[in-house]
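**Q** Below: one structure in structure tokens.
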Amino acid sequence: MRPRSIAMCASILLALLSGACTRISDYAKLVEGNRLHERGDYQGAILDYLSLDRSAFPQTLDYDLANSYARLGEYEAAAELYGLARAGLPPRGRQAALAADSHFNEGLALFERGSYERSWKSFRAALGLLDPESREAAAARRNLELAWRAWKKEKSAPPRGLAASQRGTAAGGDEELRLLMRLETGHWRPGGSVPTEPDSADY
């Protein structure tokens with residue numbers, strides 16, 4: 001071999017080894033971030049995740065970042081990252097589990113944020129990717145129902161800015177509940193006025 005071709009082969013080999021070492025280093029940081037997340041140091045985990053080269057493990061990194069942001073209460077950021085984690089993943093195969101987990105966790109984050117309709121859609125998407133007989137599918141079905149109920153309850157509730165007199169039945173229902181509680185505790189008797197001082201009959 002010529003010295004020039006030996007030098008070229010050596011430089012190619014060095015470049016390949018350098019790339020492999022970088023990937024191993026990034027993987028070690030990812031594992032360290034996961035360890036910090038498991039210990040409850042979510043901010044430390046986020047710092048480790050953000051120090052990685054995003055191209056090394058893009059979907060896994062977005063998913064792990066989303067989990068940490070969700071634990072910190074940053075639900076909208078978490079939901080966006082769960083969407084990025086699913087981008088480009090095939091709906092079937094080995095990576096379908098990551099897509100199902102990201103839909104499921106996105107549903108949890110959106111539910112916590114109060115976005116019940118979007119939460120319901122995420123749980124429904126997760127169910128489409130999960131084995132119907134699995135524990136995860138059972139949990140997704142339960143959460144799907146909870147999100148559906150919260151969404152329907154939110155849609156039927158009066159607007160928050162209305163005064164109590166404008167709310168109609170909702171305010172009446174609250175008043176009826178308060179009156180019922182007073183009746184059950186004996187602090188109010190129907191047909192009479194409420195005494196200003198406690199009476200022995202109240203106890």
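Each value in this text was obtained by applying a stated rule to the coordinates, not by laboratory testing. No experiment lies behind these values; they were computed from the predicted model shown. Using ideal geometry, Cβ is built from the backbone for each residue, glycine included, and neighbour counts are taken over all protein chains shown.
**Q** Taking 0.36 nm per intervening residue step and subtracting the Cα-Cα distance, what contour gain separates GLU145 from ALA96 on full extension?
**A** 15.4 nm
**Q** While we're on this one: Using label points projected 7 Å from each Cα along Cα→Cβ, tell me how many nm separate GLU80 and GLN43, to one decimal.
**A** Once both label points are built, they end up 2.1 nm from each other.
**Q** How much FRET efficiency would the formula 1/(1 + (r/R0)^6) give for SER156 and ALA87, where r is the Cβ-Cβ distance and R0 is 45 Å, rounded to 0.05?
**A** The pair SER156/ALA87 has a calculated efficiency of 0.80.
**Q** Moving on to the next point. Roughly speaking, what is the stretch gain from ALA56 to GLU32, that is 0.36 nm per residue apart minus the C-alpha to C-alpha distance, in nm to one decimal?
**A** Full-extension gain reported as 7.1 nm.
**Q** Can you put LEU47, LEU36 in order of Cβ neighbours within 10 angstrom, beginning with the fewest?
**A** Final ranking by Cβ density, sparse to dense: LEU47, LEU36.
**Q** Starting with the fewest neighbours, write out TRP120, TRP151 ranked by other beta-carbon atoms found within 10 Å of each beta-carbon.
**A** TRP151, TRP120
**Q** Continuing with this model, one more query. Stick to the Cα atoms of region 50-141, pair each with every other, and give me the Kirkwood hydrodynamic radius in Å at one decimal.
**A** 13.1 Å
**Q** Rank the residues ILE46, ILE24 as a footprinting-exposure proxy: fewest other Cβ atoms within 10 Å of their Cβ go first.
**A** Sorted ascending by nearby Cβ count, the order is ILE24, ILE46.
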